[in-house]
Amino acid sequence: MKNFFKKIFKKSNGFANGKPTRQHIEFDDNLLDKNAIKVIKTIYKAGYEVYLVGGCVRDLLLGLKPKDFDIATSAKPEQVHKLFKRSRLIGKRFRLVHVLFGVRDFLEVATFRSGKVKTAKNGVIVRDNHYGRIEDDVVRRDFNINALYYDIHTKEVIDYVGGLEDIRAGEIHVIGNAAKRFAEDPVRMIRAIRFAEKLGSEMSEEIKVAILKQAPLLGNVSSARLYEECIKLFQNEYSFAVYEQLEKYGLLRYLFKQTHKNDFIKKACNNTSERIKQGKPVTPVFLFAVFLWQAQNERFALIKKKQRSFHLAQLQACDEAIINQIKQVSMPRYITAKMRDVWMMQHKLEKMQPKKIQFLLEHRGFRIAYDFLVLRSQSINPELKKTADFWTKAQQ
Ligand code: ATP
Ligand code: MG
């Protein structure tokens, strides 16, 4: 990994009296999002404090291309909203402003919030909406490496917690007490695993111990929230490494309790990573269909004993695997419908019935079902190699 940061890093001078370290760093203009700069300048001109924050600063320091640019400011959401014609207020648990640039193109602007949180008996955050100063905003963030602010006007990284040092050293530390912060929001545990793999960093001992102890708390997180998180976990260049770490730390069973590691899963994760590296599109349909394939097969074997219709047994097996899954991680219906298509088509592809060939080739789900078959033939079902070759030729 090109580590831009290593070249320019100067040893930080500590955090005495809650004073931040300020490090002058000039990022290449091309790496900064043009819209983010515009938004920051507008808020700044209106007289507020405003910074780039979080993952984008971290990634810029590591020489990675940030996925999104988040902005933090002293302006209240309503004040930000007034500054941008094309913006909207969003959020229930906490209010944010989205400044819109296109249908799916927007920037998130968050007002500094205090770390003061109201927690339920089990430690989970129920309210987190007290506005504060930047010093307060820092400590509500999850990890030191995610709590860096960048002032585009002075070109300074502002560091209250030692995030610069952690980035340099390749370490991940929780801000505050790990056990407590994971109890507040158990999603932080899977974020720690993901960042460790993404950045090639090491989680602190405190994090490791806390996750091993508190992994079951992940089971309390709403299934809707976990869907987005799961996509982030597995649709990336280091998908299988994340899978293995989640398993090692006892977290996987709270996301995919029906899934057990095999060569098919490894191949599919690596295939997803490879596609992303090559800039090819990926869909959660594929990976989740792979993750649940064995569960679906096991259901089918049981149901088939009682159910005479092959087709109905298949449908029921698919439904049961999916129903079990969405208790943990919910998935939109259009995704689960396509997963079912992939599974149902496997049998049809395996049969290679001459009359059905054209129909199957023209089926909208053919491509993904075919990819699925090929990966099976390369892993858990080597006996399908000839079948996979047949469909490879049939398309030409
Ligand atoms: P990436 O975009 O690569 O997934 P990120 O760090 O930008 O990484 P986001 O989910 O975009 O992650 O969140 C932006 C910032 O918000 C984080 O850097 C962190 O400071 C803060 N944050 C996000 N989720 C949490 C959380 N669960 N608890 C505390 N802070 C969080
Ligand atoms: Mg981000």
The listed residue being assigned to a loop (DSSP other than H, G, I, E, B), touching a residue at least 40 places away in the same chain (Cβ under 8 Å) and open to solvent by 70 Å² or more (accessible area, probe 1.4 Å), out of K280, K266, K257: K257
Residue satisfying condition, being touching a Gly at 6+ places or on another chain (Cβ under 8 Å) and within 14 Å of ligand 1 (Cβ to nearest atom), within set L233, L199, L218, L212: L199
Subset of the range 80-102 [assigned to a helix (DSSP H, G or I) and either aliphatic (A, V, I, L, M) or within 14 Å of ligand 2 (Cβ to nearest atom) (or both)]: V80, L83
Evaluation of E228 against (1) in contact with a helix residue (DSSP H, G or I) (Cβ under 6 Å, 6 or more places away or on another chain); (2) open to solvent by 50 Å² or more (accessible area, probe 1.4 Å) (one fails), failing number: (1)
Some residue of the range 56-65 being on the phi > 0 side of the Ramachandran plot and not hydroxyl-bearing (S, T, Y): yes
Scope the range 34-82; condition of a type in the set (D, E) and closer than 22 Å to F195 by Cα; matching residues: D59, D68, D70
Index of the failed condition, D136 passing every other in (1) more than 24 Å from N220 (Cβ to Cβ); (2) at pLDDT 95 or above; (3) open to solvent by 10 Å² or more (accessible area, probe 1.4 Å): (2)
Where F288 falls short, out of the listed (1) farther than 22 Å from D166 by Cα; (2) under 16 Å from the mean Cα position of the chain (by Cα); (3) not assigned by TED's automatic domain parsing to the domain that holds E320: (3)
Tally, over the range 205-218, of residues that are open to solvent by less than 50 Å² (accessible area, probe 1.4 Å) and not hydrophobic (A, V, I, L, M, F, W, C): 2
Lone unmet requirement of (1) in contact with a Leu (Cβ under 9 Å, 6 or more places away or on another chain); (2) assigned to a strand (DSSP E or B) for L60: (2)
Test: residue in the range 168-183 that is crowded, with 19+ Cβ neighbours inside 10 Å, assigned to a loop (DSSP other than H, G, I, E, B) and touching a residue at least 40 places away in the same chain (Cβ under 8 Å): no
Cross-chain or 6+ apart pairs with Cβ under 6 Å, the range 354-370 first and under 15 Å from W343 (Cβ atoms), then of a type in the set (V, I, T) and at pLDDT 95 or above: I368/V342; A369/V342
Of the criteria (1) touching a Ser or Thr at 6+ places or on another chain (Cβ under 9 Å); (2) open to solvent by 50 Å² or more (accessible area, probe 1.4 Å), which one C318 fails: (2)
Hits in the range 311-347 (condition: aromatic (F, W, Y) and in contact (Cβ under 8 Å) with a residue 12 or more places away in the chain): W343
Answer residue from the range 97-107, given it is open to solvent by 60 Å² or more (accessible area, probe 1.4 Å) and within 16 Å of ligand 1 (Cβ to nearest atom) and is nearest to V39 (Cα to Cα) among those: F106
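Yes/no per residue for (1) open to solvent by 10 Å² or more (accessible area, probe 1.4 Å); (2) away from ligand 1 (no atom under 16 Å from the Cβ):
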{"position": "G54", "(1), (2)": "no, no"}
{"position": "K67", "(1), (2)": "yes, no"}
{"position": "A72", "(1), (2)": "no, no"}
{"position": "L83", "(1), (2)": "yes, yes"}
{"position": "R86", "(1), (2)": "yes, yes"}
Residues that are crowded, with 17+ Cβ neighbours inside 10 Å and either more than 16 Å from ligand 2 (Cβ to nearest atom) or at pLDDT below 95 (or both), drawn from the range 153-167: E156, V157, I158, D159, Y160, V161, G162, L164, E165, D166
Residue satisfying condition, being away from ligand 2 (no atom under 16 Å from the Cβ), touching a Gly at 6+ places or on another chain (Cβ under 9 Å), assigned by TED's automatic domain parsing to the domain that holds F101 and touching a residue at least 12 places away in the same chain (Cβ under 8 Å), within set P77, P20: P77
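The values are calculated or read from the model by the stated rules, or taken from the named source; none is laboratory data. Everything numeric in this text was worked out from a predicted model, so none of it was measured. Please note: Cβ atoms are built from the backbone with ideal geometry, for glycine as well, and neighbour counts cover all protein chains shown. Side chains included, ligands, DNA and RNA excluded: accessible areas come from the protein's heavy atoms. Shrake-Rupley method; radii C 1.70, N 1.55, O 1.52, S 1.80 Å.
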